[in-house]
Amino acid sequence: MSSNPALVECQGELFPAPFPGESFLLQREGVMGEIDGLRTANGKWSSKGRMFLSNIRLVYIASAADPSGLVAFDLPLVYMRNDKLNQPIFGCNNLSGQVWPAVSGGGPGGALPPHDFKIYFKEGGIGTFYPLYYTLTERAKQSFAGPSAAQSAPAQPNPAQFAEGLVSRAFVDPNDPSTIYLSQPVDESLRLPTAPKYAANYGEDESYLSMDPGAPSAPPMSQATDQSAGFYPAIPPQ
């Protein structure tokens, strides 16, 4: 997990700044996100906001920053574990699970525990969102769990063309208020210059976004925000 990923302003709203090769598939409003193990006042964070699904990650953007400055976080699909869809008799559908922290000592081989997260779908169903999420996440996790992981890094498990093909064939649930993107919501000029690197899983350093929840929140701006370099710890071969 990384906090305060780069955001850009488009048509008066904040969107995640896309990485090279990243394609956003949908946006979902009317959700509430919870995550623990953070350096906030009580060690947790909960906020209403919007969620985005891409071929690489889930991105959650809060309606407003909290006092620590945390306004958004992203959950790389390859770092998910124990994620499951909960459909209680009383209450709304929710997605819960764990995601490894992107700090020194984190990751499956590190000493730090993963973050617990939960995303509540307060408005409508999940018939469009969940099949897309499940397909992309399972492919991502499997690509980093094979016996050949120590030898070579796999290609992007969910290439943009593959993910966009899923969208073109997706079941559109009339009870699911997700906004499907048939074209990208962010102008190409705002795309980030470098992609996240997962090569550390195979013996090289990875680079990603800052994991410091105390960093200033990403302000609305016309260009992608700059982020300090961080890394994802290595996933050991299984």
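The values are calculated or read from the model by the stated rules, or taken from the named source; none is laboratory data. What you see is a predicted model, and the numbers here were worked out from it, not measured in a lab. Every residue, glycine among them, receives a Cβ derived from its backbone with ideal geometry; neighbour counts consider all protein chains shown. The area values use the complete protein model at the heavy-atom level, side chains included, leaving out ligands, DNA and RNA. Shrake-Rupley method; radii C 1.70, N 1.55, O 1.52, S 1.80 Å.
A few comments on the model shown:
- From the C-alpha gyration tensor of the range 36-94, square roots of 5λ in Å: 21, 16, 13
- Modelled this way, with points 7 Å down the Cα-to-C-beta line, the labels at residue 65 and residue 142 are 4.1 nm from one another.
- FRET efficiency for residue 111 and residue 44, using Cβ-Cβ distance with R0 set to 22 Å, rounded to 0.05: 0.60
- For the range 60-95, chymotrypsin sites (Phe, Trp or Tyr not before Pro) are listed when DSSP marks them as loop and at most 14 other Cβ atoms sit within 10 Å of their Cβ; the list is 90.
- With each label modelled as a point 7 angstrom along the Cα→C-beta vector, the residue 135-residue 195 pair spans 2.0 nm.
- Exposure of residue 179 as accessible area (Å², to 10), given a probe of 1.4 Å and all protein chains: 70 Å²
- Using the 1.4 Å probe convention, the accessible area of the range 30-72 works out to 36 Å² per residue with neighbouring protein chains retained.
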